[in-house]
1. Taking the residues in region 153-162 that are hydrophobic (A, V, I, L, M, F, W, C) and over 16 Å from Ala190 (Cα atoms) as candidates, determine which candidate is modelled with the lowest pLDDT.
2. For region 170-215, which positions are among the hydroxyl-bearing types (Ser, Thr, Tyr) and not in a helix (DSSP H, G or I)?
3. Can you find even one residue in region 155-171 that is within 27 Å of Ala108 (Cα to Cα), loosely packed, with under 12 Cβ neighbours inside 10 Å and hydrophobic (A, V, I, L, M, F, W, C)?
4. Exactly one of (1) at positive phi; (2) surrounded by 13 or more Cβ atoms within 10 Å (Cβ to Cβ); (3) out of contact with any Lys or Arg (no Cβ under 8 Å at 6 or more places or on another chain) is unmet by His113. Its number?
5. For residues in region 40-62 being touching a residue at least 24 places away in the same chain (Cβ under 8 Å) and polar (S, T, N, Q), which is surrounded by the most Cβ atoms within 10 Å (Cβ to Cβ)?
6. Could you tell me whether any residue of region 66-75 is farther than 23 Å from Gly182 by Cα and modelled with pLDDT of 60 or more?
7. Is it the case that region 148-168 has a residue that's assigned to a helix (DSSP H, G or I) and more than 28 Å from Ala92 (Cα to Cα)?
8. Would you point out the residue of region 110-135, among those that are of a type in the set (Gly, Ala, Ser) and at pLDDT below 90, that is farthest from the chain's Cα centre (by Cα)?
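The values are calculated or read from the model by the stated rules, or taken from the named source; none is laboratory data. Computed from a predicted structure; not experimentally measured. Cβ: placed from backbone, ideal geometry, glycine included. Neighbour counts: every protein chain shown.
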Amino acid sequence: MPKNAGCAFGAVAACLGLAATLAAQQPSCNPWKFERDAAADFSFKARACSQAARLAKPSVAMHAAVVAGFGQWRNNPQVFPEEPSEFAHRFAVFYARRGAQNAGELIAGYLNHEDPRPHLSQDHGFWNRTGSALLSVVQTKDADGGVRPALAPIAGAFGSGMVGVACYERDNNAANGFRRSGIVYSTYFANALFREFKPDLSTFAYRLLRQKRPY
């Protein structure tokens, strides 16, 4: 097991402990309701509860397992000697980075008074909707409807990237930290595009299945 394994497993324990504490204090916490409620409470506690619920989703654990398995198969970041126990370390590092990303989003979003709910554009046309989706990553609305720079994605990406510097034995310099931060930041743009066109993709898939269904 790498020397830096304690960093990752300690961060995971802290993240899951925080999630359990918040869930116990507010059992009704529902991140989906928080995202869709027009009268959502933007207090720090409500934001933290939503972030903790996201971290505790089973899909995150599945994502962590896939990423850890792929990293183990490619041996990236490189580990010498490569051991089966390294999978657990990679799994823990994923959670540590995701926890740091959520914490960055939480703190920056709260201090910048950002509206954390995702919003679909009201534009028409592929290119207009694409531009609006990409723009939503760099600017956001506050609780009063005003427009301001979106700092939460930047803080989340930076938190995730820099935790890797502390938790990996190799590729753990500042340059790699910024590289990982850039990769994570790019996922915000990909997620914004997917969220914008998800209804269209779902409709297309539904129609495709109906056409192939035998009568």
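1. Met162
2. Residues of region 170-215 that are among the hydroxyl-bearing types (Ser, Thr, Tyr), as a first pass: 181, 185-188, 202-203, 206, 215.
Tyr215, the sole residue that qualifies.
3. No, because not a single residue in region 155-171 is within 27 Å of Ala108 (Cα to Cα), loosely packed, with under 12 Cβ neighbours inside 10 Å and hydrophobic (A, V, I, L, M, F, W, C).
4. The one condition His113 does not meet is (3).
5. Among them, the one singled out is Gln51.
6. Within region 66-75 (the criterion being farther than 23 Å from Gly182 by Cα and modelled with pLDDT of 60 or more), the answer is yes, since at least one residue qualifies.
7. At the first step, the residues of region 148-168 found to be assigned to a helix (DSSP H, G or I) are 152-167.
If we keep only those that are more than 28 Å from Ala92 (Cα to Cα) as well, we get none.
Within region 148-168 (the criterion being assigned to a helix (DSSP H, G or I) and more than 28 Å from Ala92 (Cα to Cα)), the answer is no, since none of the residues qualifies.
8. Per the criteria, the residue is Gly125.
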